[in-house]
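Chemist: Submitted below is the structure of interest, expressed as structure tokens.
The values are calculated or read from the model by the stated rules, or taken from the named source; none is laboratory data. Predicted model only: the values in this text are computed from it and were never measured. Here Cβ is always computed from backbone atoms with ideal geometry, including for glycine, and neighbour counts include all displayed protein chains. Calculation scope for accessible area: heavy atoms of the full protein, side chains included, ligands and nucleic acids excluded. Shrake-Rupley method; radii C 1.70, N 1.55, O 1.52, S 1.80 Å.
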Amino acid sequence: QVQLVESGGGLVQAGGSLRLSCSVSGAIFGSFTMGWFRQAPEKEREFVAAISRGGPITIYGDSVKGRFTISRDNAKNTVSLQMNSLKPEDTAVYYCAASVRIPTYYSDNYNYWGQGTQVTVSS
């Protein structure tokens, strides 16, 4: 059984930084494309970032380009999201997801999901 567990969420002031991590168990981590999504209470789920199996390909949502960086460590079965220059509109629950496909913006292509971690950015 594949499980994904996010960590690192919390409260941060606007302009600050936060680093999220996702630990994967129950599968060969290197076989998955990994992605991050987020969702605010009254908004649709939004794509944030994704990284290919070996790490050479990364894609980002337009709203986070230049501020967020996705990375992975296949030896430790983890994927991370470094978030810099945070804005109040970044406030959301952030979800880690895994896909057997190449990196994609489309959430339906992700097979496994974590429970999410709350990120709150204050003004």
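Chemist: Could you grab the relative contact order for the range 42-122? Cα pairs under 8 Å, six or more apart, rounded to a whole percent.
Modeler: Relative contact order here is 27 percent.
Chemist: Give me the 1.4 Å probe accessible area per residue for the chain, excluding ligands and nucleic acids, in Å².
Modeler: 52
Chemist: Oh, and also: Mind jotting down the distance between the C-alpha centroids of the range 1-60 and the range 67-123, whole Å?
Modeler: With the range 67-123 and the range 1-60 each reduced to a Cα centre, they are spaced 2 Å.
Chemist: A further question on this structure: Expected output is a single nm value to one decimal: the length gained when fully extending between Asn111 and Arg67, i.e. 0.36 nm times separation in residues minus the C-alpha distance. What is it?
Modeler: Net length gain for the segment: 13.2 nm.
Chemist: Any idea how far apart Val2 and Glu42 come out in nm if each label point goes 7 Å out from Cα toward Cβ?
Modeler: Result: 3.5 nm between the two label points.
Chemist: On a straight-distance basis, which lysines could pair with Lys43 in a cross-link, Cα separation under 26 angstrom, same-chain partners fewer than 8 positions away excluded?
Modeler: Lys65, Lys87
Chemist: Where does the charge balance sit around Phe47 when Lys and Arg score +1, Asp and Glu -1, over other residues with C-beta under 13 Å from its C-beta?
Modeler: Combined, the nearby Lys, Arg, Asp and Glu give 0.
Chemist: What ranking of Tyr60, Tyr105 comes out by heavy-atom accessible area, probe 1.4 Å, highest first?
Modeler: Tyr105, Tyr60
Chemist: How many percent of the accessible area of the chain is carbon or sulfur, using a 1.4 Å probe?
Modeler: 48
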